[in-house]
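The structure under discussion appears below in the form of structure tokens.
The values are calculated or read from the model by the stated rules, or taken from the named source; none is laboratory data. Just so it is clear, the model here is predicted, and its values are computed rather than measured. Cβ placement follows ideal geometry from the backbone for every residue including glycine, while neighbour counts extend to all protein chains displayed. Note: accessible area is taken over every heavy atom of the protein model, side chains too, but ligands, DNA and RNA are not part of it. Shrake-Rupley method; radii C 1.70, N 1.55, O 1.52, S 1.80 Å.
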Amino acid sequence: MKPYLLAIDNGSQSTKVTIFDARGLPLAAASRRLEPYDISVPGHAVHPDDDIWESIAGACRDAMAAFPGDPADIAAVGLCTIRFCRALLRADGSLAEPVLSWMDERVARPYAADNPQARYVTTSSGYITHRLTGQFTDTAANYEGMWPIDHDTAAWPDDPAAYAATGMPRDMLFDLVPPGGLLGEVTRAAAQATGIPAGLPVYATANDKAVEALGCGLDDDGTVLLSLGTYIAAMTIGSSSRSADDSYWVNFAAQPGTYLYESTGIRRGMWTVSWYQSVLAGPPDQEQFSRTAHLQDTLNQEASELAPGCNGLLTVHDWLAPSDATWRRGALLGFDGSQGRAHIYRSILEGIALTMANHTAAMERALGRRSPTVLVSGGGSSSDLMMQIVAAAFGRPARRTTVNDAAGVGAAICAAVGHGLYPDWARAAAAMVAAGDEFTPDPRAAGAYRKINQVYAGLTAYTDPLFRAMAEGLGGLERA
């Protein structure tokens, strides 16, 4: 169904580019993995060189090459990138230094003007917008964390104190547009690099989690979405820019004037699954990708034959410690010689599901509502085993979308609304989001997880003192 929409979904581990029709059907797609973060400096985590742009440009070229239609029928581009990143640009818009990842401790602190080449400070979406369009424009809905934005108006404030508190003067910041707003048009230079036709309009989206929620059809009816990505969180939509308590926090949603409520999350969620698979797959080489894909299928099959609880093996998901408890560590507890690789794999999945079931319940209590169903998105949602574990751990049906790249669908919706293909957000989402498989909780498994959770929910009361003591006693040792 013409016209077509090109959606850019840049995440923490890879960039996906998909060309959709106006009903949300993917016609061509490609992805490029990002390079590992440079973490050689303690506390720092940066995207090496120009990795984000190079992955986007490469994925765009691959998607355009795979597109079976006429490029002239592509009407618009929707741009979605990683949130919480910080990019320092020279006056010409080029990088003054590599982009700081959301895991870099500096992004939580006020900007320190220690790079004399830096003329602008912006987000990853601001930087990529400039690479695509040549404009110094960005989406307002990707400014979360240490930025001087007014969360009620989604605009730069008039109060000078806000700029002073973040170390960012107004003249270093890009102009803002709302989701669905026009960022600019693809330049000839960007067209050469990406294969996207020059002159195509590029429309703003929001932060990647909000765009993912839009692409899942999450609206303000109280439904909860579990996002199984590198960072895992449960989300729902609301109208207030402030949270009721610390069980959730508030950021911009992908529809102007609405907000995304996010539970406490897991900072290296599905990353832990990928890490374990890579450990089993062996050293990186040209064959590792195919080995890992085969191994994933094998592990899912083996783990699906195990009973809940993995013979008493429990996983604590603090592979990347929260900023307010930097001494925490991840842990696998309960080895007794009966467990094998599939037990470890299933325990990692169960730890994710139980942790997020507890975080979701806390958020729902604070909001005074409970979703009868949990939507599930992200790479983890493609696993039937993970979906079954989530349904049982949450004690309610779990449903995924038809298209796995929900953030891509959300970016396409933003472009469709911005370009006038649909008159409003509700009709665009209704037309472009298709519900996928629903998994009903297995009663036995649900009962087992209720029993397991009586122990699991209190684990950190025992592990926190241990890891705190380890940090104090082993903190001076060098890492290999």
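Quick notes on this one:
- The stretch 1-31 and the stretch 53-129: distance between their alpha carbon centers, rounded to Å: 18 Å
- Between Ser382 and Ala189, the simple label model (points 7 Å from Cα in the Cβ direction) yields a spacing of 3.5 nm.
- Spin-label pair Ala112-Arg33: with each label point 7 Å from Cα along the Cα-Cβ axis, the two points sit 3.3 nm from one another.
- R0 of 35 Å, Cβ-Cβ distance Glu305-Lys2: FRET efficiency to nearest 0.05: 0.15
- For the stretch 434-451, the Karplus equation 6.51 cos²θ - 1.76 cosθ + 1.60, evaluated at θ = phi - 60°, returns couplings of 10, 5, x, 5, 10, 10, 8, x, 6, x, 5, 5, 4, x, 5, 6, 4, 5 Hz by residue, with Gly and Pro reported as x.
- For the stretch 144-302, with all protein chains in place and a probe radius of 1.4 Å, 52% of the accessible heavy-atom surface sits on carbon or sulfur.
- Over the chain, DSSP H runs of length four or greater, each weighted -39,500 (n - 2.57), average out per residue to a 222 nm ellipticity of -11000 deg cm²/dmol.
- Lysines with Cα under 28 Å of Lys16, excluding same-chain neighbours fewer than 8 positions away: Lys2, Lys209
- With Cα atoms, 0 to 90° folded angle of helix 270-281 axis to the chain main axis: 70 degrees
- Antiparallel bridges, percent of DSSP beta bridges restricted to the stretch 80-179 (to nearest 5): 65 percent
- Per residue solvent-accessible surface (Å²) - the chain, probe of 1.4 Å: 42 Å²
- Förster-model FRET efficiency, 45 Å R0, Gln454 and Ala165, C-beta, rounded to 0.05: 0.55
- Each residue of the stretch 19-35 is assigned a 3J(HN,Hα), and the resulting list reads 9, 9, 8, 6, 9, x, 8, x, 10, 7, 8, 8, 9, 9, 6, 7, 5 Hz, derived from the Karplus form 6.51 cos²θ - 1.76 cosθ + 1.60 (θ = phi - 60°), x at Gly and Pro.
- For the chain, the longest principal axis of the alpha carbon atoms and the long axis of helix 406-418 meet at an angle near 30°.
- DSSP-defined antiparallel bridges as percent of all bridges, the chain, nearest 5: 70 percent
- Given 16 as the ceiling on other Cβ atoms within 10 Å, longest exposed-site-free region of the chain for GluC sites (Glu not before Pro) in DSSP loops: 1-286
- What the Cβ-Cβ distance of Asp158 and Ala244 gives, at R0 = 25 Å and to the nearest 0.05, is a FRET efficiency of 0.35.
- For the stretch 188-194, backbone phi angles converted through the Karplus equation (6.51, -1.76, 1.60; θ = phi - 60°) give residue-by-residue couplings of 5, 4, 5, 4, 5, 6, 10 Hz, Gly and Pro being listed as x.
- Under-5 Å amide H pairs with Gly330, H placed in peptide plane, nonlocal only: Asp318, Trp319
- Principal-axis tilt of helix 124-133 within the chain, Cα atoms, nearest 10 degrees: 30 degrees
- One chain, two ends: Asp442 and Asp297. Fully extended at 0.36 nm per residue, the span grows by 50.0 nm beyond their Cα-Cα distance.
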